[in-house]
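This report concerns only the one structure given below.
The values are calculated or read from the model by the stated rules, or taken from the named source; none is laboratory data. Being a predicted model, the structure only gives us computed values, none of them experimental. With ideal geometry, Cβ positions are generated from the backbone for all residues, glycine too; neighbour counts draw on all protein chains shown.
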Amino acid sequence: MEGFFMRYWIVIERGKNNCSAFCPDVPGCVTTGKSIEDTIKNMREALSCHFEGLAEDGDKIPLPGRLSRAKASRQIGECDVLAAVDVPVKTLASA
């Protein structure tokens with residue numbers, strides 16, 4: 001990956017047939033995938049798209065929180081996976 005990125009922590013929940021993910025720092029931005037890797041890829045795309053929409057509407061892009069804040073979130077279950085997703089800064093530049 002070239003350029004600058006912002007790192008967001010996401011929570012991946014494993015289901016029987018797939019995974020789902022959300023970002024505690026970005027309420028309402030969710031995705032699913034067939035595997036953990038697929039879900040991380042999809043979340044990167046979902047965050048980029050969400051941020052582009054926020055920027056177009058003139059809304060502020062939420063800054064990423066610290067790992068400790070993500071871990072302290074009461075939204076994380078025992079079987080969930082915590083992962084980092086890097087979002088290109090160019091997506092955030094218009095904010």
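Scanning segment 15-67 for residues that are within 22 Å of F4 (Cβ to Cβ), of a type in the set (G, A, S) and modelled with pLDDT of 95 or more turns up just one, A46. Residue count for segment 15-51, restricted to those that are in contact (Cβ under 8 Å) with a residue 40 or more places away in the chain and in a helix (DSSP H, G or I): 7. Residues in segment 33-47 that are of a type in the set (S, T, N, Q) and buried (at least 17 other Cβ atoms within 10 Å of the Cβ) were compared, and the one that is nearest to P62 (Cα to Cα) is N42.
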